Amino acid sequence: PMAAEQPRVFWSSRLVFLLAAVGSAVGLGNIWKFPYTAGANGGAVFVIIYVVIVALIIAPILMAELMIGRMGHKSPILTLQTLVGRIDAKRAWTVIGWLGVLIGFIVLSYFSVIAGWAAAFVGYTASGMFSGAAPGDTVRMFEGFLARPGRLVFWNGLFMGLTVFVVARGVNRGIEKVALWLMPPLFGILVLLVIYGAAVGNFAAAWDFLFAFDIEEVSATTILAALGQAFLSNSVAMGIMLVYGSYMRADMSLGRSAFMITGTDTLVALTAGLAIFPLVFAYGLQPTEGPGLIFMTLPVAFGQMPGGQIIGTLFFLLLSIAALTSTISLLEPLVSYLEERRGAKRPVMAVLGGIAAFVFGLAPIFSFNLWADVNPLGWLSGFQDKSVFDVIDFVTSSLLLPISGLLITLFAGWILSRETTRAELKAGAPLLFDAWRFVVRFAAPAALLAILGYNIAGALGG
């Protein structure tokens, strides 16, 4: 049964909303994944394509998502049910809400596993574990760390506990407080790391790597990698912006908010690259190292550089803060729904949601040790050596996310009327509104179908 209608809470200020939304978007996707994806895809070419995609496609989708959230003023699932009833659309469209909550839940379950690694590494670096370590040493340390399921379960549990604690306190006392207390230090640490990298690292090589343009590097793969990364980095299509939009007041500009969120997020991703790569190049490490860059390659630099213990500790602290502001936003859509639907107390629902995600997170944890030989989709040529973790990551980021984004754009562009969206976006400039509408009706769906097709072809070994 539906619970009694609860009064909707609102963000207490525009600044707090922006900090929370940027905090949600700035996560491991920027600091951990963006630099190595850029490195593997031709540096500057990738960066430029990425920025263009974010401005022309991601920001308009983000506007659509915030708009739908604010129109419904409820959790993602009930927002869609409300809107579908209001405009007499097909009930099938409510799948957008369900998909958002589901994606948030699955991403949370494996994201907090990696967040747990970052938290563990704060202590390891601070204790001087990497002092004087050679590349082989850090690889062995990290492999040893992953080989012990108990340790990974502990760190994941600790991180999930923190996430639950914040979400249980609600929007104003929990999510807002974390955004206000943790986002300014996050920006501060990042700037400090860039200054340090410029002083002791090879800043010129890093700048070149990220911003020197080589037109020959442009390929369909680069463009699709940039599209995929842009989705992952900006928290779109995961139910997060639907729920964050539902807490927005009517006088907050959706367009300005979307561009400020995506702009800040991109700035953080580029700054992270300028913090990481000077050290990578100065110590002769490989920039295209993949996910291992953070946990195996950088500790070598931290172990050899002057003041490396302090800098390394700050770096993993930065990573942990960024991860926490993301995991909070991933748990919120589910808790918001349970609270409305069941009428139960938020803390109870936050604990239940957290426990469920923690239990689900055991699968990705075991894929590094107990289930290391398990290849669930081994019969597909593209998945012969892919672990449980890889499969979960692929299904969410390569299939569910683009599908969710596609449905959001189609709903905003084709199902909601021109008048409705125009009024909600408070679009004064007809040209800008028409441009937005063109993107959500045609350009974004085309881009999303391209990503989906590319990902499916890759999976099938095409």
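The values are calculated or read from the model by the stated rules, or taken from the named source; none is laboratory data. Treat the numbers as computed from the prediction; the structure is a model and nothing was measured. Glycine also receives a Cβ, built like all others from the backbone with ideal geometry; neighbour counts cover every protein chain displayed. Each accessible area value is taken on the protein alone, full model and side chains, heavy atoms only, with ligands, DNA and RNA left out. Shrake-Rupley method; radii C 1.70, N 1.55, O 1.52, S 1.80 Å.
Picking from Val101, Val113, which residue would you name as being in contact (Cβ under 8 Å) with a residue 60 or more places away in the chain, over 26 Å from Leu317 (Cβ atoms) and in a helix (DSSP H, G or I)?
From the options Val101, Val113, the qualifying one is Val101.
Within the range 239-267, the residues that satisfy the criterion of being of a type outside the set (Ser, Thr, Tyr), crowded, with 24+ Cβ neighbours inside 10 Å and assigned to a helix (DSSP H, G or I) are Ile240, Met241, Leu242, Val243, Gly245, Ala258, Ile261, Asp265.
Which residue is surrounded by the most Cβ atoms within 10 Å (Cβ to Cβ), if the candidates are limited to the range 282-293 and must be assigned to a loop (DSSP other than H, G, I, E, B) and touching a helix residue (DSSP H, G or I) at 6+ places or on another chain (Cβ under 6 Å)? Break it down stepwise before answering.
If we filter the range 282-293 for residues that are assigned to a loop (DSSP other than H, G, I, E, B), which is where we start, we get 283-291.
Subsequent filtering for residues that are touching a helix residue (DSSP H, G or I) at 6+ places or on another chain (Cβ under 6 Å) retains 283, 285, 287-290.
Numbers: Tyr283: 19, Leu285: 18, Pro287: 21, Thr288: 12, Glu289: 18, Gly290: 14.
The qualifying residue surrounded by the most Cβ atoms within 10 Å (Cβ to Cβ) is Pro287.
The single condition among (1) part of a loop (DSSP other than H, G, I, E, B); (2) touching a Phe, Trp or Tyr at 6+ places or on another chain (Cβ under 9 Å); (3) not charged (D, E, K, R) that Gly303 does not satisfy is (1).
Restricting to the range 204-221, name every residue that is in a helix (DSSP H, G or I), hydrophobic (A, V, I, L, M, F, W, C) and either closer than 14 Å to Leu314 by Cα or open to solvent by 60 Å² or more (accessible area, probe 1.4 Å) (or both).
Pass one, the range 204-221, residues in a helix (DSSP H, G or I): 204-211, 215-217, 220-221.
Of the ones still in play, those that are also hydrophobic (A, V, I, L, M, F, W, C) are 204-207, 209-211, 215, 220.
Within the range 204-221, Ala204, Trp207, Phe211, Ile215, Ala220 meet the criteria.
Does Ser417 fit the bill of being open to solvent by less than 30 Å² (accessible area, probe 1.4 Å) and within 30 Å of Ala447 (Cβ to Cβ)? Break it down stepwise before answering.
Values: open to solvent by less than 30 Å² (accessible area, probe 1.4 Å): no; within 30 Å of Ala447 (Cβ to Cβ): yes.
No; evaluated as a whole, the condition is false for this residue.
Of all residues in the range 344-376, those being open to solvent by 40 Å² or more (accessible area, probe 1.4 Å) and outside any helix (DSSP H, G or I) number 9.
When Leu279, Leu224 are screened for being assigned to a helix (DSSP H, G or I), touching a residue at least 60 places away in the same chain (Cβ under 8 Å) and surrounded by fewer than 21 Cβ atoms within 10 Å (Cβ to Cβ), only Leu224 passes.
Taking the listed residues Ala38, Ala21, the one that is modelled with pLDDT of 95 or more and of a type in the set (A, V, I, L, M) is Ala21, with no other qualifying. Scanning the range 442-462 for residues that are open to solvent by 50 Å² or more (accessible area, probe 1.4 Å) and over 26 Å from Lys386 (Cα atoms) gives Phe442, Ala446. Taking the criterion of being free of Cβ contacts under 8 Å to residues at least 40 places away in the same chain and either under 17 Å from the mean Cα position of the chain (by Cα) or under 30 Å from Ile240 (Cβ atoms) (or both), the only residue of the range 282-325 that qualifies is Leu298.
Inclusion of Ile392 among residues that are within 17 Å of the chain's Cα centre (by Cα), part of a helix (DSSP H, G or I) and in contact (Cβ under 8 Å) with a residue 40 or more places away in the chain is warranted.
This table checks each residue for (1) at pLDDT below 90; (2) within 18 Å of Ile61 (Cα to Cα).
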{"site": "Gly228", "(1), (2)": "yes, yes"}
{"site": "Val243", "(1), (2)": "no, yes"}
{"site": "Ser246", "(1), (2)": "no, yes"}
{"site": "Ile261", "(1), (2)": "no, yes"}
{"site": "Ala272", "(1), (2)": "no, no"}
{"site": "Leu279", "(1), (2)": "no, no"}
{"site": "Gln286", "(1), (2)": "yes, no"}
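Can you pull out the residues in the range 83-113 that are among the aliphatic types (A, V, I, L, M), buried (at least 20 other Cβ atoms within 10 Å of the Cβ) and more than 14 Å from Ala237 (Cβ to Cβ)? Passing the criteria: Leu83, Val84, Leu108, Val113. Checking the stated criteria, Thr409 turns out not to satisfy the condition of being under 25 Å from the mean Cα position of the chain (by Cα), open to solvent by less than 50 Å² (accessible area, probe 1.4 Å) and at pLDDT below 95. For the range 116-138, which positions are assigned to a helix (DSSP H, G or I) and over 26 Å from the mean Cα position of the chain (by Cα)? Residues satisfying the conditions are Ala126, Pro135, Gly136, Asp137, Thr138.
Would you check if Gly29 is under 17 Å from Thr325 (Cβ atoms) and touching a residue at least 12 places away in the same chain (Cβ under 8 Å)?
Values: under 17 Å from Thr325 (Cβ atoms): yes; touching a residue at least 12 places away in the same chain (Cβ under 8 Å): yes.
Spelling it out, Gly29 is indeed under 17 Å from Thr325 (Cβ atoms) and touching a residue at least 12 places away in the same chain (Cβ under 8 Å).
Given the options Ala179, Ala89, name the one that is in contact (Cβ under 8 Å) with a residue 60 or more places away in the chain and touching a Ser or Thr at 6+ places or on another chain (Cβ under 9 Å). Steps first, please.
Working: Ala89 fails: touching a Ser or Thr at 6+ places or on another chain (Cβ under 9 Å).
Exactly one residue qualifies, and that residue is Ala179.
Filtered by the rule that a residue be in contact with a helix residue (DSSP H, G or I) (Cβ under 8 Å, 6 or more places away or on another chain) and outside any helix (DSSP H, G or I), the range 147-189 gives a lone residue, Arg169. Of all the residues in the range 410-462, those that are in contact with a Ser or Thr (Cβ under 9 Å, 6 or more places away or on another chain), assigned to a helix (DSSP H, G or I) and closer than 20 Å to Ser253 by Cα number 8.
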